[in-house]
Ligand code: AMP
């Protein structure tokens with residue numbers, strides 16, 4: 001059976017995680033987020049976590065060999081997936097192509113979530129996450145019902161440690177220099193689709209569903 005995958009591309013705060021979670025819930029795509037995998041490794045103090053921690057704190061990219069191993073493991077036995085936060089540079093994209101050849105898989109679409117820089121900063125500074133279940137909130141657009149507590153777990157929400165102004169600036173410049181070239185990469189392959197991601201999460205989701213309709 002052929003594996004199929006879609007890639008969500010876009011700057012930090014463009015809604016990749018939010019949309020990937022919906023795709024998982026509604027259509028059974030397995031959500032593979034390298035950021036989530038790395039944060040888990042850091043929390044658990046694994047060897048990968050120990051390497052990743054300092055890069056993440058600075059908003060820099062974690063070395064490719066670490067990331068590729070994580071993705072390779074995450075893809076094991078999975079036949080329908082959405083990639084969130086990977087690939088992040090051309091070399092990772094080329095390695096992903098190799099992996100797909102080896103695993104008889106195919107990336108059918110790379111969906112670019114477009115958001116302006118001002119909106120990114122606004123969103124990331126207002127982002128809060130539940131340390132227990134990982135649910136993501138935004139204090140302005142999707143606040144929790146009860147004062148800074150998770151609607152599901154009741155646990156106090158926290159800010160991601162890399163959601164501060166200095167690190168955000170760095171992550172944006174890493175995005176521009178290293179990740180944005182992937183827009184061309186997937187355009188040349190004829191699988192890039194751009195979506196206006198400043199709209200509401202529901203509108204963005206509907207646009208994604210139109211794009212992947214056939215699944
Ligand atoms: P994210 O949750 O996708 O915003 O990722 C948080 C941080 O994890 C990034 O700023 C990077 O330090 C690291 N990271 C996540 N995915 C990758 C990747 N594909 N390659 C390198 N570093 C990554």
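Put simply, of 107, 111 the only residue that is surrounded by 20 or more Cβ atoms within 10 Å (Cβ to Cβ), more than 14 Å from the chain's Cα centre (by Cα) and in a strand (DSSP E or B) is 107. Take residue 172 and decide whether it is within 19 Å of residue 86 (Cα to Cα), out of contact with any strand residue (DSSP E or B) (no Cβ under 6 Å at 6 or more places or on another chain) and within 16 Å of the ligand (Cβ to nearest atom). So residue 172 passes the test.
Does residue 124 fit the bill of being within 19 Å of residue 71 (Cα to Cα), within 15 Å of the ligand (Cβ to nearest atom) and part of a helix (DSSP H, G or I)? The answer is no for residue 124. Note on region 21-71: residues that are exposed (fewer than 14 other Cβ atoms within 10 Å of the Cβ) and more than 10 Å from the ligand (Cβ to nearest atom) total 12. Filtering region 175-189 to residues that are over 16 Å from the mean Cα position of the chain (by Cα) and not in a helix (DSSP H, G or I) leaves only 189. So, residue 151, is that one modelled with pLDDT under 95, outside any helix (DSSP H, G or I) and more than 16 Å from the ligand (Cβ to nearest atom) or not? It is false that residue 151 is modelled with pLDDT under 95, outside any helix (DSSP H, G or I) and more than 16 Å from the ligand (Cβ to nearest atom). Here region 1-18 is the region considered, the condition is being over 10 Å from residue 113 (Cα atoms) and more than 10 Å from the ligand (Cβ to nearest atom), and the residue that is farthest from the chain's Cα centre (by Cα) is 1.
Could you list, in sequence order, the residues of region 94-104 that are modelled with pLDDT of 95 or more and not in a helix (DSSP H, G or I)? Listed by number, the list is empty, since nothing qualifies.
If you go through region 72-92 one residue at a time, how many are within 12 Å of the ligand (Cβ to nearest atom), touching a helix residue (DSSP H, G or I) at 6+ places or on another chain (Cβ under 6 Å) and closer than 19 Å to residue 20 by Cα? So the count comes out to 5. Residues in region 190-213 that are in a loop (DSSP other than H, G, I, E, B) and in contact with a strand residue (DSSP E or B) (Cβ under 8 Å, 6 or more places away or on another chain): 191, 197, 198. State yes or no: is residue 118 under 21 Å from residue 85 (Cα atoms) and in a loop (DSSP other than H, G, I, E, B)? Answer is no for this residue.
The values are calculated or read from the model by the stated rules, or taken from the named source; none is laboratory data. What you are looking at is a predicted structure, and each value in this text was computed from that prediction instead of being measured. Neighbour counts run over all protein chains shown; Cβ positions are idealised from the backbone, glycine included.
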